[in-house]
1. Please pull out the direction-averaged projected area of region 283-398, using the convex hull of its alpha-carbon atoms, in nm² to one decimal place.
2. Probe of 1.4 angstrom, ligands and nucleic acids ignored: what's the accessible area per residue over the chain, in square angstrom?
3. Using a Förster distance of 22 angstrom, determine the FRET efficiency expected from the C-beta separation of S204 and Q159, and round it to 0.05.
4. Dipole size in debye (nearest 20) for region 1-120 around its Cα centre, Lys and Arg Cβ +1, Asp and Glu Cβ -1?
5. Placing unit charges on C-beta atoms (Lys and Arg positive, Asp and Glu negative, everything else neutral), compute the dipole magnitude of region 283-398 about its Cα centre in debye, rounded to 20.
6. Along the charge dipole of the chain, which of A118, Q142, H416 sits closest to the positive end, that is, farthest toward it, with unit charges on the beta carbon of Lys, Arg, Asp and Glu (+1, +1, -1, -1)?
7. Ranked highest first by the average count of other Cβ atoms within 10 Å around their residues, in what order do 142-155, 81-94 fall?
8. Take the residue pairs K55/K417; K210/K331; K277/K437; K210/K417; K186/K210; K350/K437 and return only those whose Cα atoms are more than 19 Å apart.
Amino acid sequence: MNPTTLIEKFASFAADTDPARVPATALDQARQCLVDWFAVGIGASREPEAAAVAKALRARQAGRVGRVEDTDAATLLTGGQASAADAALGNGVLSHILDFDDTHVPSILHGSGPVWAALLAVGETQRIPEDRLLAAFVIGFQAGTRLGNHGLGERLTRQGWHATPTLGRIAAATAVSHARGFDRIKAAHAIALAVSQATGYTRSFGTMAKPLNAGRAASDAVLAADLADAAVQGPLDILDGPDGLLQTMLQDRDLTLDHMAQDLLEPPWEVGRNSFKPYASCQLTHGAIDAARALSSRIVPGRIRRVQAHIHPLAIRIAGRASAQTPTEAKFSLRFCIALGLGGHACTMKDFGDARISDAALQALAARVELFPDAHATRTSARLVVVDDDGREFSESVTHAFGSIENPMGWETLEHKFFELVQDRFTVAQSRALFDKLSRFGEPGGLAACMRLVATAG
């Protein structure tokens with residue numbers, strides 16, 4: 001097959017790339033993504049949303065005519081096993097419940113959620129070597145993020161589309177195609193079938209439906225690969241021409257995407273431009289949280305008269321909720337996030353729980369925050385101006401939020417985040433064993449060892 005469509009070019013990238021061409025630095029960054037994926041997924045595993053998803057998946061498995069045998073099943077982070085597609089669904093949802101998962105800022109893709117959920121499920125059931133899974137992650141991540149670069153992911157978001165399930169299906173299907181060793185034809189149909197299911201809306205943000213988008217992207221990629229392997233064909237030109245998927249979503253018949261699939265093996269490897277979250281909230285709130293936390297030592301929260309937040313317009317569109325009454329709403333409320341930061345809180349998972357949300361003083365402070373769109377701001381910057389009851393003015397500017405490409409989290413901070421999130425389910429010894437396996441992922445037997453630890457945890 002001579003690749004002519006965009007799907008065929010991504011398929012050629014998946015089928016023809018020798019894993020040895022993936023740089024060691026990119027593989028190490030993929031391990032960081034895996035550590036973060038396990039941390040946020042396990043951290044979410046005791047949340048009400050996780051319990052509901054686990055219950056639904058148990059009902060699905062119980063209702064099957066033939067039971068899923070252990071040899072054909074993948075591990076759920078909530079415990080138990082399911083088919084590969086259902087495990088990808090459940091684990092993909094868990095990765096996004098806390099809104100604490102990584103973000104590729106240029107494309108606004110939460111890539112690890114759907115891609116690792118799909119790859120690990122397929123890896124377990126297809127007995128795929130760990131080093132191939134690691135390379136597959138980098139390859140799939142490259143495809144999905146390259147398509148979302150140059151402002152396309154931001155355009156999707158501004159117009160109400162959730163970039164993660166849209167771009168994530170391309171990333172996950174490309175990754176699974178490489179992992180399973182598909183040729184160009186099978187890979188093309190797998191990607192096309194996954195992309196043809198793409199959907200997801202920003203109106204779901206702040207609700208339990210948002211993490212479902214990541215899970216469905218992972219599950220659809222697994223199912224699409226199975227269908228392509230059985231000779232089911234997809235629309236190979238779905239991304240091309242004036243009536244292509246993204247052209248239709250953006251209502252832009254002049255949009256051309258051919259350049260997005262050029263030089264995929266050339267730097268930069270987009271996994272190196274990924275960002276990890278130090279705060280358990282929408283990434284667009286992080287610059288403001290940094291500024292608020294910096295101000296917290298200079299002000300008295302109870303004596304604040306007003307707060308002016310000058311931020312990127314997209315942050316207001318996505319995280320501009322006037323009030324936060326639930327944990328999911330709080331993660332998408334700049335006002336509440338800023339109030340947490342000004343109060344000196346670390347904005348961890350627990351800070352978005354009921355105790356903080358019911359704090360009358362925090363809610364009163366959040367109500368004093370005014371949001372102003374700043375055309376010169378970036379999506380990782382913010383400027384706060386605080387006026388206290390004496391009329392004194394305090395200001396703080398953040399150019400690059402902690403965790404962003406320009407101000408990254410390293411292994412040490414990521415390790416701290418991991419242990420913080422898994423401590424409620426794992427002993428210290430189990431946590432250390434899991435972290436060590438994940439940070440060296442690629443060694444034979446690593447995936448099975450990790451999943452045994454998950455299966456035996458509390």
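1. For region 283-398, the mean projected area of the Cα convex hull comes to 6.0 nm².
2. Working: 17490 Å² over 458 residues.
That works out to 38 Å² per residue.
3. Numbers: r = 15 Å, r/R0 = 0.66.
Efficiency, rounded to the nearest 0.05: 0.90.
4. Numbers: 9 positive and 14 negative charges, 72 e Å.
It comes to approximately 340 debye.
5. Values: 15 positive and 12 negative charges, 29 e Å.
Computed charge dipole of region 283-398: roughly 140 debye.
6. Among A118, Q142, H416, the one farthest towards the positive end of the dipole of the chain is H416.
7. Numbers: 142-155: 23.1, 81-94: 28.1.
Ranking the peptides 142-155, 81-94 by packing returns 81-94, 142-155.
8. Working: K55/K417 28 Å; K210/K331 12 Å; K277/K437 22 Å; K210/K417 23 Å; K186/K210 30 Å; K350/K437 27 Å.
Too far apart for the 19 Å limit: K55/K417; K277/K437; K210/K417; K186/K210; K350/K437.
The values are calculated or read from the model by the stated rules, or taken from the named source; none is laboratory data. What you see is a predicted model, and the numbers here were worked out from it, not measured in a lab. Cβ: placed from backbone, ideal geometry, glycine included. Neighbour counts: every protein chain shown. Surface accessibility is based on the protein's heavy atoms, side chains included, excluding ligands, DNA and RNA. Shrake-Rupley method; radii C 1.70, N 1.55, O 1.52, S 1.80 Å.
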